[in-house]
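K.L.:
Dropping a structure here in structure tokens format, bear with me for questions.
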Amino acid sequence: MDTSTPAVTVALHDGDQVIAQSTTVDTRRHTELLAPALVDVLGAAGADRRDITEVAVGVGPGPFTGLRVGLAAARTLGAALRIPVRGVCSQDIIAYGVRAIGVHENMPFVVATDARRREIYWAYYEPDGRRVLGPQVGAAADVAASVPAAPGLGAIRAAGAGALLYPDAFAAVIGPEYPSAADLASALISDAVPSGAPEPLYLRRPDVAEPSPRKSVLTSLRTAH
Amino acid sequence: MAEQPLILGIETSCDETGVGLVRGTTLLANAVASSVDEHVRFGGVVPEVASRAHLEAIVPTLDRALTDAQVTLDDVDAIAVTAGPGLAGALMVGVSAAKALSIALGKPLYGVNHLVGHVAAEQLENGPLTEPVVALLVSGGHTEILQVTEIANAAELLGQTLDDAAGEAFDKVARLIGLKYPGGPHIQRAAEEGDASSIWFPRGLTSQRDMSRHRYDFSFSGLKTAVARWVETAEREGRSVPVPDVAAAFQEAVADVLTRKAVLACRERDVRTMVLAGGVAANSRIRDLTRERCAEAGIELRQPRLSLCTDNGAMIAALGAAVVEHGLPPSGLEFATDSSLPVTQVVI
Ligand SMILES: [Zn+2]
């Protein structure tokens, strides 16, 4: 499962192939959509919850609230079913999708997702899908200066919704737009992506300021008069 | 008699991650992980900091509750989770975990109201409540007077704060007079050395006009400003600020208005039992004054121990148990969190 982007995506893989999947795009309803999707894929595959032997979850980067919905569900599911939970960088899932459909035409590429505040989360991949830079967060316009110059390639091609948002920053926008749980499962089964503990990739610190020294109430009252 | 169902409760509406286990009105476990220390330097709860802490704490707290109760997840008959009110991002962690648990165990899930949960917690302390009750809830997140006519399905909001929660007022005034966060315990300690009658601070929404429009409501912003003005005037005149006296007088103003309105609600609605809950209810002056005034008015005062007063999972399990006993339908897996869930909605 992955909830690090507006897509709530769940898939079931039986070791040979993806046997059921569900993807719904809705930025604001991750908590509502994820659990029914889990039940739906189990039902569609004719599987029981006790048949699950392992859980894989996209760990972002992504907007925090949605990202946590998937991580909280995956960790709890793993704990309750007493099965392992593996985390995969969500951008690696998109990169796997890029290679699966071959739209990168054997060139290096960037995966970019929306980080809001006019920034993107992005990572840079070799043609074989190896992540060599990122994930990091920044302005789309700054990506070109950060990635190695690709031989014989004037500019960068990029996949993901972040590329669609800032098409001017990239030479070509390619698919897919969001990570798919089917790709996540297939990538893990075929050892095509690194995995680790299901820890969120926030990349940003909580947006808070420590309190400033107290203001004079008397002064502010006086100026208000 | 057959054993009552085992209910697991999950609470993540503010800065405490709570998992509790309850049978009927019997408390079996109440595991809580608090992120309060992480908020100290910000002088208040930071939603994103709280949400991150919930994600890290939820599974370990679940494990601890099961160990404490000496049960396994297979023994659990139903799950209850706080659906609201509370911080949206924080609520979502608990609800997402609870839904996953419901799927993993194949057991029904109930999304319940946090405020009514505070009232249900009292049943774990002193047994079933004789309804109706009036509840005075005071914490860093809320200041409300509720009437609960039937714990599982009939509660109404009589009054609430129009601005700061009582706990926030304690935090802000503590900062004004150089005391630490959280303000409640620090102000109480300072006030023990002070004279509450040496300064008079205003009681919000108690004028005749306010009593007709906001009979059971509270407001603490005027009180906070009054304290700030008093402190500044003293400083400008070169007097040292008598911190214990200011703390005691402020605390008295809060305790006075809270208890006065709660007792009034009992009298006017002919309710004989009051429940005092929420983290600020741990304040000894608020507790003493409530006890005193309830005794005068012939009202039975009920208050759970501190660990059941502050936000916790056992209170959600206790409410879940009442809801299950009433045979209400489960909430399913599609419900959303509601950061302003009305108190009339006990189950979502
Ligand atoms: Zn509370």
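K.L.:
Would you mind finding the one in B:50, B:31, B:65 that is over 20 Å from the mean Cα position of the chain (by Cα) and surrounded by 22 or more Cβ atoms within 10 Å (Cβ to Cβ)?
P.N.:
From the options B:50, B:31, B:65, the qualifying one is B:65.
K.L.:
Give the residues of segment B:149-179 that are in contact (Cβ under 8 Å) with a residue 60 or more places away in the chain, within 15 Å of the ligand (Cβ to nearest atom) and part of a strand (DSSP E or B), sorted by residue number.
P.N.:
Those that are in contact (Cβ under 8 Å) with a residue 60 or more places away in the chain, within 15 Å of the ligand (Cβ to nearest atom) and part of a strand (DSSP E or B): B:155, B:157.
K.L.:
A further question follows. One residue is enough: does segment B:188-207 have a residue meeting the conditions of a type outside the set (Gly, Ala, Ser), at pLDDT below 95 and part of a helix (DSSP H, G or I)?
P.N.:
No.
K.L.:
Quick check on my filter: what residues within segment B:121-134 are open to solvent by less than 20 Å² (accessible area, probe 1.4 Å), closer than 13 Å to residue B:300 by Cβ and not in a loop (DSSP other than H, G, I, E, B)?
P.N.:
B:122, B:133, B:134
K.L.:
As an exercise: evaluate residue B:6 against (1) open to solvent by 10 Å² or more (accessible area, probe 1.4 Å); (2) more than 16 Å from the ligand (Cβ to nearest atom) and give the number of the one condition it does not meet.
P.N.:
Only one criterion in (1) open to solvent by 10 Å² or more (accessible area, probe 1.4 Å); (2) more than 16 Å from the ligand (Cβ to nearest atom) is unmet by residue B:6, namely (1).
K.L.:
Please count how many residues of segment B:258-297 are more than 16 Å from the ligand (Cβ to nearest atom), out of contact with any Cys (no Cβ under 7 Å at 6 or more places or on another chain) and either farther than 20 Å from residue B:202 by Cβ or among the basic types (Lys, Arg) (or both).
P.N.:
Of the residues in that region, 22 qualify.
K.L.:
Considering only residues that are hydrophobic (A, V, I, L, M, F, W, C) and touching a helix residue (DSSP H, G or I) at 6+ places or on another chain (Cβ under 6 Å), look in segment B:324-346 and name the one that is modelled with the lowest pLDDT.
P.N.:
Per the stated criteria, the residue is B:343.
K.L.:
Pick out the one residue from A:150, A:163 that is outside any strand (DSSP E or B), surrounded by 16 or more Cβ atoms within 10 Å (Cβ to Cβ), at pLDDT 90 or above and of a type outside the set (S, T, N, Q).
P.N.:
A:163
K.L.:
Considering only segment A:204-223, I want to know if a residue exists there that is in a strand (DSSP E or B), open to solvent by 30 Å² or more (accessible area, probe 1.4 Å) and either of a type in the set (A, V, I, L, M) or at pLDDT 95 or above (or both).
P.N.:
no
K.L.:
Let me ask something additional. Would you say residue B:118 is over 30 Å from residue A:78 (Cα atoms) and either open to solvent by less than 10 Å² (accessible area, probe 1.4 Å) or away from the ligand (no atom under 13 Å from the Cβ) (or both)?
P.N.:
The answer is yes for residue B:118.
K.L.:
I've got another one for you. What residue, among those in segment B:140-179 that are over 18 Å from the mean Cα position of the chain (by Cα) and of a type in the set (S, T, N, Q), is surrounded by the fewest Cβ atoms within 10 Å (Cβ to Cβ)?
P.N.:
If we take residues in segment B:140-179 being over 18 Å from the mean Cα position of the chain (by Cα) and of a type in the set (S, T, N, Q), then B:149 is surrounded by the fewest Cβ atoms within 10 Å (Cβ to Cβ).
K.L.:
Next up: Residue pairs, Cβ under 8 Å, 6 or more apart or interchain, first in segment B:1-21 and farther than 25 Å from residue B:139 by Cα and free of Cβ contacts under 8 Å to residues at least 24 places away in the same chain, second part of a strand (DSSP E or B) and more than 13 Å from the ligand (Cβ to nearest atom). List them.
P.N.:
Cβ pairs passing all conditions: B:3/B:23.
The values are calculated or read from the model by the stated rules, or taken from the named source; none is laboratory data. Remember, it's a predicted structure, so these values are computed and weren't measured experimentally. Don't worry about glycine lacking a Cβ; one is built from the backbone with ideal geometry, like all the others, and counts go over all protein chains shown. These accessible areas exclude ligands, DNA and RNA; they are computed on the full protein's heavy atoms, side chains included. Shrake-Rupley method; radii C 1.70, N 1.55, O 1.52, S 1.80 Å.
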